[in-house]
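First the structure, in the form of structure tokens, and then the observations on it.
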Amino acid sequence: MMLSKGLKRKREEEQEKETLAVDTWWLDPSLPAVAQAPPPATSSSLFDLSVLKLHHSLRQSEPDLRHLVLVVNTLRRVQASMAPEPTLPPMPSPSAAPCVADSLLASSDAALSASMASLLEDLSHIEGLSQAPQPLVDEGLPGRPAGGSPPSLGALDLLGPATGCLLDDELEGLFEDIDTSMYDSELWAPASEALKPGPEDGPGKEEALELDEAELDYLLDVLVGTQALERPPGPGR
Amino acid sequence: DIISTVEFNHTGELLATGDKGGRVVIFQREPESKNAPHSQGEYDVYSTFQSHEPEFDYLKSLEIEEKINKIKWLPQHNAAHSLLSTNDKTIKLWKITERDKRPEGYNLKDEEGKLKDLSTVTSLQVPVLKPMDLMVEVSPRRVFANGHTYHINSISVNSDCETYMSADDLRINLWHLAVTDRSFNIVDIKPANMEDLTEVITASEFHPHHCNLFVYSSSKGSLRLCDMRAAALCDKHSKLFEEPEDPSNRSFFSEIISSVSDVKFSHSGRYMLTRDYLTVKVWDLNMEARPIETYQVHDYLRSKLCSLYENDCIFDKFECAWNGSDSVIMTGAYNNFFRMFDRNTKRDVTLEASRESSKPRAVLKPRRVCVGGKRRRDDISVDSLDFTKKILHTAWHPAENIIAVAATNNLYIFQDKVNSEMH
């Protein structure tokens, strides 16, 4: 059934609501954008979808930067909406939330693909990627208990209580100084040729993630200097 | 092959198309003749050439696509025509010349070019030019390479006819048409830390009359007008055109749908036309706060943004165009539909570019997308729209009511015979 165009709220109502919360418009059921969103548009499935898109984009030998930036920004919005309800006065910018997106985006630049390597390793642990996104209807409700986290929010689980950041600080520091711009794209090019994941990625995903680990090992070896630079061997090529 | 760009030259006599295979096809308008009144002003193929080939960047181990992203004609100064064509990385200047005469009657060579036996030459003759079948010759005159790290999305020739600019996702370069080994970077929005990247350049164009002004659009929906007299590096804009977000229409996809896919100055130079995912907007250069006109291209897609995000259609980049008198604007949509908006009468029309619905010299029938409620006989419902048939590239003749519409790998040229002159 076609939904009609959204209802416009009155101005005063809108202003009143804005003074109460920090930009939690996505939780406001009276907002047409939220009210008319069908189950597949819940935050968590949108999060999974965005992460998948980002993953797919980063696997290209030369990612479309516009596509990448737009997906990352959308991911940030979704992530911010999935954060626990803010009770503090408004912060200039949520520090924990963009961390995943930042790390993912940083790795799009050739010089920082070391972060990408560790991130891909982390992504391989996200449960949600191995399954089709399940619409969890009670996802975005304010009444969600603070301690619980639904299975497809695996990524947020990794946002540890202390650091709030996906990357281990030590690991990041290790790669900070190394300029890997000469080597990076070469390493990822074969992967993108071989795999090219489509929108429904079910059985191919495990395979893709295994490949990442092999490449990750290779990258680490190169950086540590134990292996001469050569095209990495990969399964199924 | 899939057409990736369409562009009329400054007189409208020539129409160039570029495709995904790196080819350029130029059409020429046949002069009107009394003998065949029906074929007056029709476009026939004039020349075809391979502009770009696929390349391989050995350093980064990347393949560079040969797809032609943009073609821009240079103003004509002599009998030859020139155009710039670009793929993701390299811009080329092509010169198109005609040869319709050839010299005959050489003294030392015969007609096939073989040397004559000198003993048979008894007198001297002056070679004369004799007419021959028209031959169109295309030659590459300049190759502007290695100017861009990221993918080139726009080129624009300056009104000074000496320089042009090329823009990629993060930088804009200024070139001189005669100099290929150097270009000046005039805009650079690459952040020091790529983690801070939140916005990219999506399109850019020089002002049609003021050689110091140009505009570039961003993925966040803003337009920046820059003045090259102000500084060598135009990172600081002279004017920033941005419309505040409509709170009642806010969603997770607000930013994506606000991303500007095309920007075009009006012929007058007073206005700019922008295309984002759901609308076309007219901006007055004198007003930065909001556009002066907004036209809904396919608002019925607003409730389907999630699916369109999933299948990546939400990232499609549609172009827009002005007519010669800046009174009508045009843009493409899905299902091989394209839309025209008359700025004066505020009327709009949806037309279809497809073989089934357009026979030669037939009148195009206006189409309608129904969004629930009463459905008329030939209406198309939103759910039966074909999202693989997108009209991304359109062009309007600079003076007459002739439009070129690219529907995947077909080019449609429509003419308004009744109202040929501009209103």
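Quick look at the values:
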quantity	calculated
From the options B:Val371, B:Val363, residue that is within 24 Å of B:Glu293 (Cα to Cα) and open to solvent by 50 Å² or more (accessible area, probe 1.4 Å)	B:Val371
Entirely in the stretch B:55-125, the strands (runs of 3 or more DSSP E) that have 2 or more residues that are small (Gly, Ala, Ser)	B:81-86
Any hit, the stretch B:199-211, residues being surrounded by fewer than 19 Cβ atoms within 10 Å (Cβ to Cβ) and free of Cβ contacts under 8 Å to residues at least 24 places away in the same chain	no
Identity of the residue in the stretch B:374-393, closer than 15 Å to B:Cys313 by Cα and of a type in the set (Asp, Glu), that ends up surrounded by the fewest Cβ atoms within 10 Å (Cβ to Cβ)	B:Asp383
Scan of the stretch B:369-409 for residues that are within 12 Å of B:Glu352 (Cβ to Cβ) and at pLDDT 90 or above, ordered by number	B:Val369, B:Ile380, B:Leu385, B:Asp386, B:Lys389, B:Ile391, B:Val405, B:Ala407
Residue in the stretch B:176-187 that is buried (at least 22 other Cβ atoms within 10 Å of the Cβ) and among the acidic types (Asp, Glu) present	no
Options B:Glu356, B:Glu310, B:Glu293: the member that is of a type in the set (Asp, Glu), free of Cβ contacts under 8 Å to residues at least 60 places away in the same chain and touching a Phe, Trp or Tyr at 6+ places or on another chain (Cβ under 9 Å)	B:Glu293
Scan of the stretch B:359-410 for residues that are free of Cβ contacts under 8 Å to residues at least 60 places away in the same chain and of a type in the set (Val, Ile, Thr), ordered by number	B:Val363, B:Ile380, B:Thr388
Residue, farthest from B:Ala203 (Cα to Cα), within the stretch A:63-81, restricted to residues that are more than 9 Å from chain B (Cβ to nearest Cβ) and open to solvent by 10 Å² or more (accessible area, probe 1.4 Å)	A:Ala80
Hits in the stretch B:352-393 (condition: within 18 Å of B:Gly332 (Cβ to Cβ) and in contact with a helix residue (DSSP H, G or I) (Cβ under 7 Å, 6 or more places away or on another chain))	B:Val369, B:Val382, B:Phe387
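Condition check ((1) over 30 Å from the mean Cα position of the chain (by Cα); (2) in contact (Cβ under 8 Å) with a residue 12 or more places away in the chain; (3) more than 25 Å from B:Ala178 (Cα to Cα); (4) open to solvent by less than 90 Å² (accessible area, probe 1.4 Å)) across all residues:
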site: B:Pro75; (1), (2), (3), (4): no, yes, no, yes
site: B:Ile91; (1), (2), (3), (4): no, yes, no, yes
site: B:Ile96; (1), (2), (3), (4): no, yes, no, yes
site: B:Val128; (1), (2), (3), (4): yes, yes, yes, yes
site: B:Met135; (1), (2), (3), (4): no, yes, yes, yes
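The values are calculated or read from the model by the stated rules, or taken from the named source; none is laboratory data. None of these values were measured; they are calculated from a predicted model. All Cβ positions, even for glycine, are placed from backbone atoms using ideal geometry, and neighbour counts span all protein chains on display. These area figures cover heavy atoms from the full protein model, side chains too; ligands, DNA and RNA do not enter into them. Shrake-Rupley method; radii C 1.70, N 1.55, O 1.52, S 1.80 Å.
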